[in-house]
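**Student:** Dropping a structure here in structure tokens format, bear with me for questions.
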Amino acid sequence: MADGTETESRKLLGRLREEMASEAAGQERLDRITHLIADSMRCEVCSIYLFRDEETLELCATEGLAAEAVHKTRMRMGEGLVGRVAKYGQVINTADAPSEKGFRYMPETGEERFSSFLGVPIQRLGEKLGVLVVQSREEREFSADEIYALEVVAMVLAEMAELGAFIGEGAALSPLHQHSVVLKGGPAQEGSAEGHVWLHEPRVVVTNPIAEDPQRELERLNEAVEELRVGVDKMLEISQGGDKEHLQVLEAYRMFANSKGWMRRMEEDIARGLSAEAAVEKEQSQARARMSQVSDAYLRDRLADLDDLSNRLLRILTGQGNNTGAELPPDPILIARNIGPGDLLEYGRSLKGIVLEEGSVGSHATIVARALAIPLVVHVDRITTEALNGDHILVDGDHGVVHLRPEESVVGAFRDKIAMQAEAQERYASIRDKPTVTRDGQQIDLVMNAGLMADLPSLPSSGAEGVGLFRTELQFLLQNKMPKRSELVAQYERVLDAAMGKRVVFRTLDIGSDKVLPYMKHVAEPNPALGWRAIRVGLDKKGVMRMQLQALIRAAKGRPLTIMFPFVAQAEEFRAARAEVEKTIAREKRLGHTLPETLEIGAMLETPSLAFAPQKFFEEVDFISIGANDLKQFFFAADRENELVRRRYDTLNVSFLSFIERIVERCAVSDTPLSFCGEDAGRPIEALCLAAMGIRCLSMRPASIGPVKSLLLRSDLGEIRKIIADARHRGDQSVRPAVMDWLRNNG
Ligand code: PEP
Ligand code: MG
């Protein structure tokens, strides 16, 4: 770093700091800043272009171009040199702008043919805000230090914009984070919600980007980094012996925290006039920019680690963080990059909606959001940088769309939709206690899926006739250590109490695949969905299975008990599991515990193999439940977690329905009760076709019971069977179009 330019950028930043302290606001402030930069850099022109919307840049202030062009000259992303700086997020430095690729002459600016052009992006933490440009008549290329100085100024401008420094009278600027944005993501839990943004990790606002005393800033940085290192070491110490992946992340944190390159760059930034906070943020911005270009998953993860670490450091430096004392806004909509199930449960039902920048449809957080019936959209790019605490927001969990700071017309339409849904819910309430009998007299049992205590209050209000699937693993997943038997007894007792005599099907621990217990030794598997999971783990590690069975028997305290084993692939597995139940019963009896009044032991049919088990198996099992989330992924060989393929095959595909029908027939031979508990049970058209195929018990999320019942009450299964048969006969791939047509034509 040349000494001369060190003072150059420091001088420029010093003047900028004075400007920030001045009374001027809005447009006047921007104008003065362009003047100041042009003057300091000995250029005829300095201009600030800011984004009007995602695609359009607008000249917002200039020294040297025609004043009339301000707020008139616009360009699209990628258009002209300015547009190219914005698009690629890279500096353009040229002594001969007119012959540069992409140059566009804009006569309205009164732009003489300025030879030299230096444009740098104005961005904050990966969010593109605009472009800062200097131009000069003299043909010269700008030095590396001049570029650096302009980049630092651009960063300070972004910081000032964040603080609202350009909002004011006559500004005619669209201040950042004030315009409406529509963001698209993936639907993970349906429903619509209107509310206000609550950032799970509030962004740290740097109020002092420019240092007054570099020496002091260096000391502050060193102290903060030391505190950070001690913190990371402590986390590592506590986590020893724990989950391997978690340890790897912490190791990466430690590596970055001790990285000489990272420190050196931040020290240089401070020497050039930035405050410690701004130096950290500059590094973080660059890491984010790289993150958006890297496709290698491992590298992206490491850059994300660095991002996390920078946030921690910023919180130490500014004293800001989760405990800012801010209060949850009314109707909070949680915004986060990712969130763990435990954190989510702490918010509980106070949340109206959830939007995640990452997340996935199969993650634990999603399972919890579903259990709590909170609309959730995942994979929403940029949401954590776009949204500010308290912003008005609409979440459409049905289509995976988020409207941030929406226009009035959008709000109106959205509220109409919510009102219609509420009306429908009311209609459903009126049929709540009616038995579900179709027009042709077929009775269908509608029961609900649950997994948390929080689900149980829905049992009476939804009209469910019982719990068809209680996913016991959720309680295990939410804890950071193996629960004790006594805790399980208490939990299951509460579930049975809340069910007030209605049947509850307890599914034994279904872990493995996407559901990994943080406190159990993690086994790396090439294909976890086809791996060591559910009953396979239970039979290999009998201790946990026995503990759970004991807890269930004790919780029943003489009441009827229903147990179901997940992921049974062959009869022998079921037999072994049932033998465990019998052994446990005998042991409990010896110990003097009251035994359940009745005991049913069933199996989940989640692998195609079980559908072809010997008929004897169907006689031995007390009931079967089709777990079609898994069954479907194996039937079509399409990973239920993989966005690229998970929606590729329709449940109403003729082959799949025929397969379901085959299972119905096999159960019918031995009178084995059969239910269906995958997500599809809760979708009215799917539920109707499943009932037409002969399924007489459907287990679904409580909120789905109303819509499913409403359709079943109005339908004739015989007619639907006929439509399906015709579709098969024609050789249709899916029966959906034919069924939809029929429903439309019949009101
Ligand atoms: C299923 O696979 O359909 C099922 C109900 O189980 P889970 O979704 O918990 O795997
Ligand atoms: Mg399953």
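The values are calculated or read from the model by the stated rules, or taken from the named source; none is laboratory data. The shown structure was predicted, so the numbers you read here are calculated from the model rather than taken from an experiment. All Cβ positions, glycine included, derive from the backbone under ideal geometry; neighbour counts span all protein chains shown. Areas reflect the complete protein model, heavy atoms only, side chains present, ligands, DNA and RNA absent. Shrake-Rupley method; radii C 1.70, N 1.55, O 1.52, S 1.80 Å.
**Student:** Restricting to segment 641-670, give me the number of residues that are among the β-branched types (V, I, T), away from ligand 1 (no atom under 16 Å from the Cβ), open to solvent by less than 60 Å² (accessible area, probe 1.4 Å) and at pLDDT 95 or above.
**Tutor:** Quick first cut of segment 641-670, residues among the β-branched types (V, I, T) only: 645, 651, 654, 660, 663-664, 669.
Imposing the further condition that a residue be away from ligand 1 (no atom under 16 Å from the Cβ) reduces the set to 645, 654, 664, 669.
When the remaining residues are screened for being open to solvent by less than 60 Å² (accessible area, probe 1.4 Å), the result is 645, 654, 664.
With the extra rule that they be at pLDDT 95 or above, the set shrinks to 654, 664.
Qualifying residue count for the region: 2.
**Student:** Between residues in segment 552-567 that are in a helix (DSSP H, G or I) and among the charged types (D, E, K, R) and residues that are open to solvent by less than 10 Å² (accessible area, probe 1.4 Å) and away from ligand 2 (no atom under 16 Å from the Cβ), which pairs lie under 9 Å by C-beta distance while being six or more apart or on different chains?
**Tutor:** If the second residue must be open to solvent by less than 10 Å² (accessible area, probe 1.4 Å) and away from ligand 2 (no atom under 16 Å from the Cβ), the pairs left are R554/L488; R554/Y492; R554/E588.
**Student:** So which residues in segment 696-730 are open to solvent by less than 10 Å² (accessible area, probe 1.4 Å), farther than 16 Å from M448 by Cβ and aliphatic (A, V, I, L, M)?
**Tutor:** L717, I720, I724, A727
**Student:** Next question. Only one of these is out of contact with any Pro (no Cβ under 9 Å at 6 or more places or on another chain), within 16 Å of ligand 2 (Cβ to nearest atom), among the aliphatic types (A, V, I, L, M) and open to solvent by less than 40 Å² (accessible area, probe 1.4 Å): A638, A603. Name it.
**Tutor:** Numbers: A603 fails: out of contact with any Pro (no Cβ under 9 Å at 6 or more places or on another chain).
Within the list A638, A603, the selection yields A638.
**Student:** So, in segment 512-529, exactly how many residues are more than 25 Å from the chain's Cα centre (by Cα) and within 14 Å of ligand 1 (Cβ to nearest atom)?
**Tutor:** Result for segment 512-529: 0.
**Student:** Suppose we filter R290, R265 for residues that are charged (D, E, K, R), at pLDDT below 80 and not assigned by TED's automatic domain parsing to the domain that holds L356; which single one remains? Outline the logic, then answer.
**Tutor:** On the way: R265 fails: at pLDDT below 80.
Going through R290, R265 in turn, just one is charged (D, E, K, R), at pLDDT below 80 and not assigned by TED's automatic domain parsing to the domain that holds L356: R290.
**Student:** Related question: What do you reckon, is D741 of a type outside the set (S, T, N, Q) and surrounded by fewer than 20 Cβ atoms within 10 Å (Cβ to Cβ)?
**Tutor:** On the way: of a type outside the set (S, T, N, Q): yes; surrounded by fewer than 20 Cβ atoms within 10 Å (Cβ to Cβ): yes.
In short, yes.
**Student:** Whether any residue in segment 417-427 is open to solvent by less than 20 Å² (accessible area, probe 1.4 Å) and touching a residue at least 24 places away in the same chain (Cβ under 8 Å) is what I want to check. Break it down stepwise before answering.
**Tutor:** First pass over segment 417-427, keeping only residues open to solvent by less than 20 Å² (accessible area, probe 1.4 Å): 424.
Checking the rest, the ones that are also touching a residue at least 24 places away in the same chain (Cβ under 8 Å) come to 424.
For segment 417-427, residues open to solvent by less than 20 Å² (accessible area, probe 1.4 Å) and touching a residue at least 24 places away in the same chain (Cβ under 8 Å): present.
**Student:** Scanning segment 558-572 for residues that are within 16 Å of ligand 1 (Cβ to nearest atom) and not β-branched (V, I, T), which turns out surrounded by the most Cβ atoms within 10 Å (Cβ to Cβ)? Even if it seems obvious, please write down each step before you answer.
**Tutor:** As a first pass, look at segment 558-572 and keep what is within 16 Å of ligand 1 (Cβ to nearest atom): 562-569.
Going one step further and asking which of them are not β-branched (V, I, T), we end up with 564-567, 569.
Working: M564: 28, F565: 26, P566: 26, F567: 23, A569: 19.
Out of the qualifying residues, it is M564.
**Student:** Next question. So which residues in segment 368-403 are outside any loop (DSSP other than H, G, I, E, B) and over 13 Å from the mean Cα position of the chain (by Cα)?
**Tutor:** Narrowing segment 368-403 to residues outside any loop (DSSP other than H, G, I, E, B): 368-371, 376-378, 383-386, 392-396, 401-403.
Within segment 368-403, A371, T385, E386, H392, I393, L394, D396, H403 meet the criteria.
**Student:** Same structure again: Which residue pairs have Cβ atoms under 7 Å apart, sit 6 or more places apart or on different chains, and have a first residue in segment 678-694 that is on the phi > 0 side of the Ramachandran plot and within 16 Å of ligand 2 (Cβ to nearest atom) and a second that is open to solvent by less than 10 Å² (accessible area, probe 1.4 Å) and assigned to a loop (DSSP other than H, G, I, E, B)?
**Tutor:** Within 7 Å, no pair qualifies.
**Student:** For segment 586-594, indicate whether the set of residues that are of a type outside the set (F, W, Y), touching a strand residue (DSSP E or B) at 6+ places or on another chain (Cβ under 8 Å), closer than 27 Å to A490 by Cβ and away from ligand 1 (no atom under 13 Å from the Cβ) is non-empty. I'd like the intermediate steps shown before the answer.
**Tutor:** Initial filter on segment 586-594 (of a type outside the set (F, W, Y)): 586-594.
Filter again for touching a strand residue (DSSP E or B) at 6+ places or on another chain (Cβ under 8 Å), leaving none.
So far as segment 586-594 goes, no, none of its residues is of a type outside the set (F, W, Y), touching a strand residue (DSSP E or B) at 6+ places or on another chain (Cβ under 8 Å), closer than 27 Å to A490 by Cβ and away from ligand 1 (no atom under 13 Å from the Cβ).
**Student:** Give the residue that is farthest from ligand 1 (Cβ to nearest atom), with candidates limited to residues of segment 530-552 that are touching a helix residue (DSSP H, G or I) at 6+ places or on another chain (Cβ under 7 Å), within 25 Å of F634 (Cα to Cα) and open to solvent by 10 Å² or more (accessible area, probe 1.4 Å).
**Tutor:** L539
**Student:** Here is a follow-up. Within segment 621-635, which residues are out of contact with any helix residue (DSSP H, G or I) (no Cβ under 8 Å at 6 or more places or on another chain) and more than 14 Å from ligand 2 (Cβ to nearest atom)?
**Tutor:** D622, F623
**Student:** Please work out which one of (1) open to solvent by 20 Å² or more (accessible area, probe 1.4 Å); (2) touching a strand residue (DSSP E or B) at 6+ places or on another chain (Cβ under 6 Å); (3) touching a residue at least 60 places away in the same chain (Cβ under 8 Å) is the condition R74 fails and give its number.
**Tutor:** (3)
**Student:** Something else now. Residue pairs, Cβ under 7 Å, 6 or more apart or interchain, first in segment 629-656 and closer than 19 Å to A727 by Cβ, second open to solvent by 40 Å² or more (accessible area, probe 1.4 Å) and away from ligand 2 (no atom under 16 Å from the Cβ). List them.
**Tutor:** What qualifies is F636/Y649; D650/R736; L652/R736; N653/Q733; V654/R728; V654/D732; V654/Q733.
**Student:** Now a separate question. Name the residues in segment 672-689 that are small (G, A, S), within 11 Å of ligand 1 (Cβ to nearest atom) and at pLDDT 95 or above, would you?
**Tutor:** Within segment 672-689, S675, A681 meet the criteria.
**Student:** Quick check on segment 611-640: of everything there that is of a type in the set (F, W, Y) and closer than 15 Å to L530 by Cβ, which residue is nearest to ligand 1 (Cβ to nearest atom)?
**Tutor:** Only one residue fits best here, namely F634.
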